[in-house]
Structures are given as structure tokens and as C-alpha cells.
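After the C-alpha cells below, expect a handful of questions from me.
The values are calculated or read from the model by the stated rules, or taken from the named source; none is laboratory data. All values reported here derive from a predicted model rather than from experimental measurement. Positions of Cβ are backbone-derived with ideal geometry, glycine not excepted, and every protein chain shown enters the neighbour counts.
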Amino acid sequence: MLRLLTRFAKARQGLAAVEFALIAPVMIMLFYGAVELGTAVDCNSRVSRVGYTVADLVAQSASVSTTDTTNFFSAANAILYPYASANAKITVSSLVDNGKGGATVAWSDAQNTTPRVKGATVAVPAGLITSGSGASVIYAEIAYSFTAPITYFLGGPITLTDSFYAKPRRSTTVAHS
């Protein structure tokens, strides 16, 4: 029996295969976890860019139409590519000073969701709109339902959200026709 244990301790055939069998599952899990996390970070970055871009495009105009906002949403969908644009709920609104330090919705357009109600009160950060000035701000919001391609580590859908405020550049308010 002692000879059998000594021979087993000296044997080196197949040692690399055994080590690989022990390490391979951990390496595979790390690889797929990194892929899922990297994909989620990329999608979150694109979601942030969409919020900024939509608000910026609207703020550059003195007046926008429904066709214009549809084109802005198309540009947003191009930024989101290769992620499904059907999962993106984008809203762009013009918020005007209500004279009480807050803002009301002058107009709102949306993709894959309902727009904000005209005349509804919206809380804005202090100092964003000067009270009594008649000024406005463009407010873009996005909520994206992200599902990882593998879904083993991150699980089910994760909602990525972002919002952005932009001051109109060519006038005090951006009109909508």
C-alpha cells in the first residue's frame, strides 16, 4: 500500500489536464462576466449620450416641429445602435418659468412612451430657470431597458436612465409647431 501511495505522489502525467480542469470554469466565468459588464457599461454610455444629444439638438433651434423631433429621435436611435431602439423611452420637453421658482411644461414629444402633459409642474434644480424671467429650458429624459446578451451574471433587464437640461441658444424659449 505504501508503494502505491509513493508511486501516485511521483506521477506527473495528466497534471496539466487536472489543473486546467480546475481553473477553466473560473476563467470562463470571468470572461463571460467581463463581456456582460462591458456591454452594460457601453450601453449606459450610449444612453447618456442620447440624453445630451436630444436636448442639445432641440436647444439649437428657435422652433421645432413634430417632424424635427422625430428626426432628433432617429439620431438618438443611431447613437444607441447596435442596441434595440424599441427599448428606449425618450422624452423631450420645453419647461418654462412658472413664476414660483419652478417650471411648467410648454410642450413635450416622446418616443416609445407618452409625452409629459402640457401645463404640468416639473421640479427643476434651483437656479436653472431665473424666476420671473420668462426663460425656459429643454429637458430630455431617457430610460432604456437593457438585457445582457448572456444574462447569467447580470440577471434580467436593467433600467438605465439619464436626463439632461439645455438652455435654448437662439431665443428664450423653443417654440413647437
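Name the single residue that is surrounded by the fewest Cβ atoms within 10 Å (Cβ to Cβ) among those in segment 51-105 being of a type in the set (Phe, Trp, Tyr) and farther than 18 Å from Ser177 by Cβ.
Selected residue: Tyr81.
Any idea how many residues of segment 147-164 are within 20 Å of Arg46 (Cα to Cα) and either surrounded by fewer than 16 Cβ atoms within 10 Å (Cβ to Cβ) or modelled with pLDDT of 90 or more (or both)?
Final tally of qualifying residues: 12.
Right, next: Determine which member of the set Val92, Val105 is outside any loop (DSSP other than H, G, I, E, B) and touching an Asp or Glu at 6+ places or on another chain (Cβ under 7 Å).
Val92
Residue-wise test of (1) within 18 Å of the chain's Cα centre (by Cα); (2) within 24 Å of Ala62 (Cβ to Cβ); (3) at pLDDT 85 or above.
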residue: Ser94; (1), (2), (3): no, yes, yes
residue: Ser136; (1), (2), (3): no, yes, yes
residue: Tyr139; (1), (2), (3): yes, yes, yes
residue: Ser145; (1), (2), (3): yes, no, yes
residue: Ala166; (1), (2), (3): yes, yes, yes
residue: Thr172; (1), (2), (3): no, yes, no
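If Ala59 satisfies every condition in (1) closer than 24 Å to Ser136 by Cβ; (2) in contact with a Cys (Cβ under 9 Å, 6 or more places away or on another chain) but one, which is the exception?
(2)
Which condition does Arg49 not pass, out of (1) over 18 Å from Thr161 (Cβ atoms); (2) within 20 Å of the chain's Cα centre (by Cα); (3) without any contact (Cβ under 8 Å) to a residue 40 or more places away in the chain, if it passes all the others?
(1)
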